[in-house]
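To start, the structure under review is shown below, and the notes come after it.
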Amino acid sequence: MRTIDWRDGRVVIVDQTRLPAALRTLELTSVDELVDAIARLAVRGAPALGAAGALGVVLAVDQAERECWDDERLVAQLAQLRAARPTAVNLAWGIDRAASRLTQGREAVLKEALAVLEEDVAANRSIGARGADLLDELLAKSSAATQGIRVHTHCNTGSLATVEWGTALGVVRELHRRRRLGRVYVDETRPLLQGSRLTAWELDRLGIDYRVVVDGAGPTVIARGLVDAAVVGADRIAANGDVVNKVGTYPLALACARAGVPFLVAAPESTIDEATPTGLGVEIETRADAEVIEWSGVRVAPAGARALNLAFDVTPADLVTAIVTEGRVIRPEKLVDG
């Protein structure tokens, strides 16, 4: 099952808000439905959002035909889709790529959108192999060379965050396939628990040994020598190598730097935003207070409490050992390709 796909004129997604209790799909037929699914994280993850953006253009074209939209309405709907998650660059990238075919007609738009999906699958496989190779190289002289590589990860970067394979978790899957993987430590990823709900669910299905840890314990797990490398994804990578990812990534990078542990970022080339010089120029999404001060609809903070619910943070380039894409290894401290 793909996390996101096109079927009979509909965008079909795995509803990630239902996991791990139930595996359900949603069929989306309008831009508004897709925007809602993105905003409430029924579909999430930078590469999956790129696919959603591209397929959303096809939805918009079909809806425009059914409802007799003018060009202005179509442009407004695509702008609404683009604004659904402002931090992740892949959403806008996917929209722009499919929209570039609008003058060629609906079938050209659909062909381009489907190409985005197929290229994501191929790119993720390449990232997994390249990342596993790099970890073997970096850890060749450590105990991990014979005992298996122990990996720490944050948020969800597996098949649920992509079309069907994974970026950072794709590296983990490739290590597992090669029988080179030790234990995986999974941050729960507050406040919506993408680690304990989604990553743990994926690892469980793959038969991989893992432990869920609270976010605040992540740096301590690294400091105690339980981890050989941290591998995370990215929602946007600035031109200078600064990495924007789920909030809680920055503390892991600091812990890795202190402990001398490699900190790898696995992401497709489409996540690199050459138009943004540094991470300081990225809009950081702030989400609803209720995600922090409520749990399953029950308030867990005083009645007057407010939350600052930052969804992402910025890890400076000098804390990143390497960025692994489908085509290259980038070492940000040198700003040259490996």
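The values are calculated or read from the model by the stated rules, or taken from the named source; none is laboratory data. All values derive from a computational prediction rather than experimental measurement. Don't worry about glycine lacking a Cβ; one is built from the backbone with ideal geometry, like all the others, and counts go over all protein chains shown.
Kindly indicate the residue of the range 77-114 that is free of Cβ contacts under 8 Å to residues at least 40 places away in the same chain and either among the hydroxyl-bearing types (Ser, Thr, Tyr) or touching a Phe, Trp or Tyr at 6+ places or on another chain (Cβ under 9 Å) (or both) and also nearest to Asp5 (Cα to Cα) among those meeting that condition.
The selected residue is Ser100.
Under 6 Å between Cβ atoms, which residue pairs at least 6 apart in sequence (or on different chains) link something in the range 45-61 that is within 20 Å of Phe312 (Cα to Cα) with a partner that is polar (S, T, N, Q) and surrounded by fewer than 24 Cβ atoms within 10 Å (Cβ to Cβ)?
Listed by first residue and then by second, the contacts come to Gly50/Ser270.
So which pairs qualify, if the first residue must be in the range 128-139 and of a type in the set (Lys, Arg), the second must be surrounded by 18 or more Cβ atoms within 10 Å (Cβ to Cβ) and not in a helix (DSSP H, G or I), the Cβ gap must be under 7 Å, and the two must be at least 6 apart or on different chains?
Cβ pairs passing all conditions: Arg130/Val324.
Return a yes/no flag: does the range 193-200 have any residue that is outside any helix (DSSP H, G or I) and closer than 21 Å to Trp295 by Cα.
Yes, some residue in the range 193-200 is outside any helix (DSSP H, G or I) and closer than 21 Å to Trp295 by Cα.
Residues in the range 159-167: is at least one aliphatic (A, V, I, L, M), touching a strand residue (DSSP E or B) at 6+ places or on another chain (Cβ under 9 Å), in a helix (DSSP H, G or I) and in contact (Cβ under 8 Å) with a residue 60 or more places away in the chain?
The answer is yes; a qualifying residue exists.
Being out of contact with any Leu (no Cβ under 6 Å at 6 or more places or on another chain) and farther than 24 Å from Asn90 by Cα is the requirement here; does Val172 meet it? Give the derivation first.
Values: out of contact with any Leu (no Cβ under 6 Å at 6 or more places or on another chain): yes; farther than 24 Å from Asn90 by Cα: no.
The answer is no for Val172.
Taking the condition of being crowded, with 17+ Cβ neighbours inside 10 Å and farther than 24 Å from Ile323 by Cβ, how many residues in the range 96-132 meet it?
Selection size over the range 96-132: 9.
What's the number of the only condition in (1) over 26 Å from Ala39 (Cβ atoms); (2) surrounded by fewer than 17 Cβ atoms within 10 Å (Cβ to Cβ); (3) of a type in the set (A, V, I, L, M) that Ala83 fails to meet?
(1)
Could you please find all residues in the range 212-238 being touching a strand residue (DSSP E or B) at 6+ places or on another chain (Cβ under 7 Å) and either assigned to a loop (DSSP other than H, G, I, E, B) or in the same structural domain as Arg85 (by TED's automatic domain parsing) (or both)?
Of everything in the range 212-238, those that are touching a strand residue (DSSP E or B) at 6+ places or on another chain (Cβ under 7 Å) and either assigned to a loop (DSSP other than H, G, I, E, B) or in the same structural domain as Arg85 (by TED's automatic domain parsing) (or both) turn out to be Leu226, Val227, Asp228, Gly233, Ala234, Asp235.
Could you check Leu138 against (1) over 30 Å from Ala22 (Cβ atoms); (2) out of contact with any Pro (no Cβ under 8 Å at 6 or more places or on another chain) and say which number it fails?
(2)
Being among the hydrophobic types (A, V, I, L, M, F, W, C), surrounded by fewer than 24 Cβ atoms within 10 Å (Cβ to Cβ) and touching a residue at least 60 places away in the same chain (Cβ under 8 Å), is that true of even one residue in the range 179-200?
Yes, that holds for at least one residue.
When you go through Asp96, Asp70, Asp62 one by one, which is the residue that is at pLDDT below 95 and in contact with a helix residue (DSSP H, G or I) (Cβ under 9 Å, 6 or more places away or on another chain)?
Unique residue meeting the criteria: Asp70.
In the range 278-309, what residues are over 23 Å from Val243 (Cβ atoms) and either part of a loop (DSSP other than H, G, I, E, B) or outside the structural domain of Asn240 (by TED's automatic domain parsing) (or both)?
The answer is Ala288, Asp289, Ser296, Gly297, Val300, Ala301, Pro302, Ala303, Gly304, Ala305, Arg306, Ala307.
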